[in-house]
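Q: Can you read through this structure? Questions will come right after.
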Amino acid sequence: MAPHIVCGIDHTSGGDRAVATGAQLARDLRCEVSLVHVMRGAHLGKGGDAVAIGAAEEHRWLQELSQEYGLAPDTRVAVIGGDPADALIGAGQAKDAEFIVVGSRGLHELGDAVFGSVSCALMRNARCPVVVAPPALPVPLVPLSLRPVVCGVDGSERDHPTLRLAADLATRLGAGLHAVHGFDPRPVAAPPAGAVPVVLPVLSEAAEATLEHAVREAGVDAKRRVVSSSPAEGLMRVAGETNAGLLVVGSRGRGKLGSAILGSVAIRLAAEARTPVVVLPPGAVVEGGGHYDVADIVA
């Protein structure tokens, strides 16, 4: 069975970006695609009522989108009811999807992290990698093949699977991998009286050690890059300088409020990046039986 991508489509510009991104991923990674529209709170299947009629109209709209973006004639389209994030997660599990692809709404997403948005919920709870198409993403997309993959390293336990996922994607795209660790040189607070301030060279050396350890432990072949800036800004800078095809990061979000307070790098990238952002949620497994299963050897 060919690898599969589930694209969550709505009637915003994010829906257009999602189908464009899903179509390009499908071509470059040789995957099949399903286009899915979720009617929030609807229970479908009762023929003849208003909901069923609306579902038929949405189904025709998805078919038109499939043709507009050059997808295969047999591309599956589906209209389902319920909570959008839960429904897309269920659709991804049913198809054993490698990715769920959605669009984000930009800077609104940062505020919506508290109240819940579809992309934020997927980044927290999906069981496979989530690809987010940010508002600044140029459409139509340039092919991803042969364009570098940029992966964020933050020194957490999620570095290993995130780097393995990024390396596998780079291999499938015939591209190089850049592992990036960003550190903010600005102190969080003024040092106590009499304390010796931590200077930039010390911070830089610690960041390089963190990055070297993560790449070595993951066993991947990657160019290493330490940047003196916030992690999100550093990743976007390197992605621009290398003309990257994908940005890959891990998500450690453990709840709506936690994501907002911690200022998730994934959420910031989903709002502002100009490159598709691949997010590995906390519960997603990429080795040993996950929906996305990396090759045995990626280095």
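The values are calculated or read from the model by the stated rules, or taken from the named source; none is laboratory data. Quick caveat, the model's predicted, so the values are computed rather than measured. Counting neighbours? That spans all protein chains shown, and the Cβs are built from the backbone with ideal geometry, glycine included. Just so you know, the surface numbers come from the protein's heavy atoms only, side chains and all, with ligands and any DNA or RNA stripped out. Shrake-Rupley method; radii C 1.70, N 1.55, O 1.52, S 1.80 Å.
Q: Does the range 109-126 include one or more residues that are modelled with pLDDT of 95 or more, outside any loop (DSSP other than H, G, I, E, B) and in contact with a strand residue (DSSP E or B) (Cβ under 6 Å, 6 or more places away or on another chain)?
A: Checked against the condition, which is being modelled with pLDDT of 95 or more, outside any loop (DSSP other than H, G, I, E, B) and in contact with a strand residue (DSSP E or B) (Cβ under 6 Å, 6 or more places away or on another chain), the range 109-126 yields no hits at all.
Q: Same structure again: Go through the range 70-99 residue by residue and tally those that are in a loop (DSSP other than H, G, I, E, B) and either within 23 Å of ASP28 (Cα to Cα) or at pLDDT 95 or above (or both). Talk me through it step by step, then tell me what you get.
A: Just the residues of the range 70-99 that are in a loop (DSSP other than H, G, I, E, B), to begin with: 70-75, 83, 95-98.
Those still in the list that are either within 23 Å of ASP28 (Cα to Cα) or at pLDDT 95 or above (or both) too: 70-75, 95-98.
Qualifying residue count for the region: 10.
Q: Give the range 92-106 a look and list any residue that's crowded, with 21+ Cβ neighbours inside 10 Å and among the aliphatic types (A, V, I, L, M), or say none.
A: Within the range 92-106, ALA97, ILE100, VAL101, VAL102 qualify.
Q: Hey, among the residues in the range 148-171 that are of a type in the set (D, E, K, R) and out of contact with any helix residue (DSSP H, G or I) (no Cβ under 7 Å at 6 or more places or on another chain), which one's surrounded by the most Cβ atoms within 10 Å (Cβ to Cβ)?
A: Kept after step one, since they are of a type in the set (D, E, K, R), are these residues of the range 148-171: 154, 157-159, 164, 168.
Going one step further and asking which of them are out of contact with any helix residue (DSSP H, G or I) (no Cβ under 7 Å at 6 or more places or on another chain), we end up with 157-158, 168.
Numbers: GLU157: 8, ARG158: 20, ASP168: 22.
Only one residue tops the list, namely ASP168.
Q: Related question: Consider ALA136 against the criteria (1) modelled with pLDDT of 90 or more; (2) closer than 29 Å to ASP293 by Cα; (3) assigned to a loop (DSSP other than H, G, I, E, B); (4) open to solvent by 20 Å² or more (accessible area, probe 1.4 Å): it satisfies all of them except one. Which criterion is unmet?
A: Unmet condition: (2).
Q: Does at least one position in the range 209-230 carry a residue that is on the phi > 0 side of the Ramachandran plot, open to solvent by less than 40 Å² (accessible area, probe 1.4 Å), part of a loop (DSSP other than H, G, I, E, B) and modelled with pLDDT of 95 or more?
A: Looking through the range 209-230, at least one residue is on the phi > 0 side of the Ramachandran plot, open to solvent by less than 40 Å² (accessible area, probe 1.4 Å), part of a loop (DSSP other than H, G, I, E, B) and modelled with pLDDT of 95 or more.
Q: While we're here: From the list GLU64, GLU57, which one is part of a helix (DSSP H, G or I) and modelled with pLDDT of 95 or more?
A: Among GLU64, GLU57, only GLU64 is part of a helix (DSSP H, G or I) and modelled with pLDDT of 95 or more.
Q: Please list, ordered by first then second residue, the pairs with beta carbon atoms under 7 Å, 6 or more apart or interchain, first in the range 219-231 and closer than 14 Å to GLU208 by Cα, second assigned to a strand (DSSP E or B) and β-branched (Val, Ile, Thr).
A: The qualifying pairs are ARG225/VAL180; VAL227/VAL180.
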